[in-house]
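The values are calculated or read from the model by the stated rules, or taken from the named source; none is laboratory data. Quick caveat: nothing in here was measured; it's all calculated off a predicted structure. All Cβ positions, even for glycine, are placed from backbone atoms using ideal geometry, and neighbour counts span all protein chains on display. For the accessible areas, the whole protein counts, side chains as well, though only heavy atoms, and no ligand, DNA or RNA atoms are used. Shrake-Rupley method; radii C 1.70, N 1.55, O 1.52, S 1.80 Å.
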Amino acid sequence: MPIADICAGVPALLSWFAENGRPLPWRLDATPYHVWISEVMLQQTRIEAVIPHYEAFIRLMPDLTALAEMPEERLLKCWEGLGYYSRARNLQKAAKAVVASGESELPQTYAELIRLPGIGEYTAGAIASIAFGECVPAVDGNVLRVLSRLLNDDTDVLSPAGKKHFTAVARALVPQTAGQFNQAIMELGETVCLPHTAPRCTVCPLAAVCRAKRAGTAADLPVRKKPRARRVEQKTVFLLLSEKEDAVLLHKRPQSGLLAGLYEFPNADGALTAEETLELLNEQGFTVYEMEKTAPAKHLFTHIEWQMSGFVARVCARDVSVDCVWAGTEELMGRFALPSAFKPFLKILQKHLT
């Protein structure tokens, strides 16, 4: 598909970005390390939510060596609230790999970057172009949306063939100022060529070359195949408070699978009644002094939906297995990374802890 007309709009896009690009922290100091951390954090997380996490992360781990040496538990606590904890673990794996090779900085080419753990095509393209000036594209969801509208192209952007197709288009559009171009087209998708609403075509610097605007189809693009329905799982969550101390029981999940290696409130499959819950706790050796039902909660993962009920109970604090720990208020808030799925129960728990 000829794209000479689209290429003609690139200078206008770059001029627009120079005037309208937001002064985000990682743009103001675009070192390779800063670009890398920000791009990983921004995957599936809004910019407004990322900024405080990014600033706290950089304060705690200002460079690649500090990231490599950070205890995992503290790293995960710093990542709390961003979800997808595997991304934090992969950051550290990549940092350790670089340090183990005798280097203290990220490699400077796309080909070397993409070989590091957790760095895929998009992240490698972003780092290589923004930090090192390599002429490569960085194609994320915003870019896919912009390109599908520019071309008035109904190819499924989530299919492997669609991603390959639009990446080839982006590669053909990238000018020598690749870093500025990649940031500009992402910024356009973030602020003008919006999803789930009418795009702001009247202020778009590419409106003159946008085929979807001309055809009146911009709001119908991009095309995404319908995702498969989430599997619903019922869970009963137990907020177990020690009888004499303000401490709550936490359980460490297995090192593989969903929420791997993270701490959680103990829970069981199914929506248990109060009688079933009391029987289960007694079987596990807990003496229950008082117990009450909590408000329900729901959490959505990519392919699973947890529908959770819960009970808060005051129990005799017995010795627990190696994968469990009694955590006081300070430890709960400052040490252990608690997945977002359990945050509604954390709010309930705070009413019972002093």
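Here are the numbers for this structure:
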| read-out | value |
| --- | --- |
| Tail beyond 14 Å, pair distance distribution of region 1-67 (Cα, percent) | 67 percent |
| Antiparallel %, DSSP beta bridges [both residues in the chain], to 5 | 60 percent |
| 0 to 90° range, to nearest 10: angle between helix 178-191 axis and the chain longest Cα axis | 60 degrees |
| Only Lys, Arg (+1) and Asp, Glu (-1) charged, at Cβ; the chain dipole about Cα centre in debye | 1140 debye |
| Choice from Ile58, Ile127, Ile185 with maximal GNM fluctuation in the chain (Cα, 10 Å cutoff) | Ile58 |
| The chain: most fluctuating residue of Gly141, Gly81, Gly334 per GNM, C-alpha cutoff 10 Å | Gly334 |
| Vicinal HN-Hα couplings computed from phi for region 27-35 (Karplus, 6.51 cos²θ - 1.76 cosθ + 1.60; Hz; Gly/Pro x) | 7, 6, 9, 7, 6, x, 5, 5, 4 |
| Local electrostatic count, Asp140, Cβ distance below 12 Å [Lys/Arg +1, Asp/Glu -1] | -2 |
| Solvent-accessible area, 1.4 Å probe, carbon plus sulfur percent, for the chain | 53 percent |
| Surface per residue (accessible, 1.4 Å probe) for region 184-257, Å² | 56 Å² |
| Residues whose placed amide H lies under 5 Å from that of Leu241, excluding near-sequence neighbours | Ala313, Arg314, Val315 |
| Charge-dipole axis of region 181-225 as Lys and Arg at +1 and Asp and Glu at -1 on Cβ define it, positive-most pick from Thr202, Ala215, Thr191 | Ala215 |
| In degrees, nearest ten, helix 47-60 long axis to first principal axis of the chain (Cα) | 70 degrees |
| 3J(HN,Hα) from dihedral phi, region 128-138, Karplus parametrisation 6.51/-1.76/1.60, rounded to Hz, x for glycine, proline | 4, 7, 6, 8, 10, x, 6, 7, 9, x, 9 |
| 19 Å Cα-Cα threshold exceeded, pairs from Lys293/Lys343; Lys96/Lys252; Lys77/Lys252; Lys226/Lys343; Lys235/Lys351 | Lys96/Lys252; Lys226/Lys343; Lys235/Lys351 |
